[in-house]
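Take a look at the structure set out below.
Just so it is clear, none of the values below were taken in a lab; they were calculated from the coordinates. In this text the structure is predicted, and so the values were computed from the model without any measurement. Every residue, glycine among them, receives a Cβ derived from its backbone with ideal geometry; neighbour counts consider all protein chains shown.
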Amino acid sequence: MSFESLGLAPALLRALAEQGYTQPTPIQAGAIPLVLEGHDLLAAAQTGTGKTAAFALPLLQHLSTAGATQTRRPRALVLTPTRELAAQVHDNLRGYSKHLRVSSTTIFGGVGMGPQIQALRRGVDVVIATPGRLIDHMQQRSVDLSGVEVLVLDEADRMLDMGFLPAIKRILTAVPKQRQTLLFSATFAEPIKALAMQFMRSPREVSVTPPNTVAPLVTHHVHPVDASRKRDLLLHVLSQDSRRQSLVFSRTKHGADKLVKFLEASGMRAAAIHGNKSQNARTKALGDFKNGRVTVLVATDIAARGIDIDQLPMVINHDLPMVAEDYVHRIGRTGRAGSEGMAVSLVSHEESGLLRDIRKLLKQEIEITAVEGFEPSAPLRLDAGAPRPVQGQRQPRAPRNGGHAGHGGNHGQNRNVAANAGRNNRRPRRGGSASRPETRG
């Protein structure tokens, strides 16, 4: 199958050819014809499957062929959970639309609103926004969504996890009821189906990836270790090839910062990316990682959404995710496009239950190998009564005298990501009303 067979316009085909794309991915082949026909769409697609083009290409074709309106109100709105994903979608849109007269801009937090307001006043066809900052513009009446013809919710499952449902519902009241709605999610979980039932019109469904699967070229390794020695084992693993780029996941923002300080003090080139970082700092860290100036990027689950790096060789779980499905999201960033990938998890006895849940979800065995010199004092338990971290539980810490032990980056901040993702990342709003996730973009 070729892109030509999907019915895309010559200008789009030309842009795709210039970027070296010749054949659509399964999600693109399934979604693009349905969107071009005008259907609402409920699509299940993991990160790295080409889902951005699946909605961006038909969206751009609609805007270029439907004819310009008299006003410069946004005609399409793309909602994303994070700033990084918004920036990534914007970059892709600009690449696909280089031969079209379609303008786009991003709206997210962490940067001043002034330039965003100016861009909206000049007029723009497509707005790519995070929900929180878009609400800010709605409150200031600096954005008019009454002309939106196409609404896209990208990574809708993560937006729900982050507590954005009230913001989404409020945004839905500001866009026309007569519109095309495209919802992309990693899974068709019940909350997603319930959301679709509320605001979509007889959506067609496309699912190209079996739920909770990882790329077949990814190898999984578990190294059992005491929680107090995780940092040292992480350094040992990374030192096996200090030039290899690695994405390291920390359960908390504080833990991510502690890991970066430790790795930098040990001679590694590392950077952190999480919700407490400014947008400029996050953009710089991601850019430095992509171009090789930084070899280790330490991220939290929420901030990692939107990280799209081809041929990333290794993902390391310094802390296991509290929700097994998030393991799939994390590991989905390696083993792409036919390249081999490695997933390494450093697992303490207290995380045995989390590892059991992950193995059950994946329906496959994961190699468990103790690293010489880092053997744990207590073995992992993978039975039904296996222990797991609970909210507020502190991990064991070694005495401060002697080495770096006792600074594993957890510091008792283990929390349930799914239930508390929004609460973990909240901070008081300046100027008043009810709080919402700090990671609003």
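Using 0.36 nm per residue and subtracting the Cα-Cα separation, the extra length available between Q139 and V371 on full extension is 78.0 nm. The simple Förster model, with R0 at 51 Å and r as the Cβ-Cβ distance, assigns K363 and T65 a FRET efficiency of 0.70. Neighbours of V124, meaning other residues whose beta-carbon lies under 10 angstrom from its beta-carbon, give a summed charge of +4 when Lys and Arg score +1 and Asp and Glu score -1.
Protection proxy ranking of 370-381, 257-268, by the mean of other Cβ atoms within 10 Å over each peptide's residues and highest first, is 257-268, 370-381. Taking amide hydrogens as placed 1.01 Å from N in the peptide plane, the amide H of S266 sits under 5 Å from that of no residue at least 5 positions away in sequence or on another chain. With label points built 7 Å along Cα→Cβ from the Cα atoms of M1 and L382, find their separation and express it in nm. Result: 3.7 nm between the two label points.
Backbone geometry of region 102-108 corresponds, through the Karplus equation with coefficients 6.51, -1.76 and 1.60 at θ = phi - 60°, to 3J(HN,Hα) couplings of 10, 9, 8, 8, 10, 10, 8 Hz, x marking Gly and Pro. Note that region 370-375 has calculated 3J(HN,Hα) couplings of 6, 8, 4, x, 10, 4 Hz, one per residue in order, obtained from phi through the Karplus relation 6.51 cos²θ - 1.76 cosθ + 1.60 (θ = phi - 60°); glycine and proline are x. With Cα atoms as the point set, the radius of gyration and Dmax of region 4-207 evaluate to 15.7, 44 Å. What FRET efficiency would be calculated for the residue pair R14, H254, taking the C-beta separation as r and a Förster radius of 60 Å, to the nearest 0.05? Working from the Cβ atoms, E equals 0.80. Averaging the Cα positions of each part gives two centres, and for region 133-157 and region 185-200 these lie 19 Å apart. The mean sequence separation of alpha-carbon pairs under 8 Å and at least six residues apart, normalised by the residue count of region 4-207, gives a relative contact order of 29 percent. Can you figure out the FRET efficiency of T219 with T22, using R₀ = 22 Å and their beta-carbon distance, to the nearest 0.05? Working from the Cβ atoms, E equals 0.15. Remark: L57, L145 ranked as L145, L57, counting other beta-carbon atoms within 10 Å and listing the fewest first. Under 5 Å from the amide H of N317 lie the amide H atoms of F249, V344, S345, L346, each residue being 5 or more positions distant or on a separate chain, with H modelled from the backbone and absent for Pro and chain starts.
Shown here for region 34-116: trypsin sites (Lys or Arg not before Pro) in loop regions (DSSP other than H, G, I, E, B) with at most 16 other Cβ atoms within 10 Å, namely R72, K98, R101.
For R381, the residues whose amide H sits under 5 Å from its own are S352, ignoring neighbours fewer than 5 places away on the same chain, with H placed 1.01 Å from N. Of the residues L382, L60, L160, the one with the fewest other Cβ atoms within 10 Å heads the list, and the complete ranking is L382, L160, L60.
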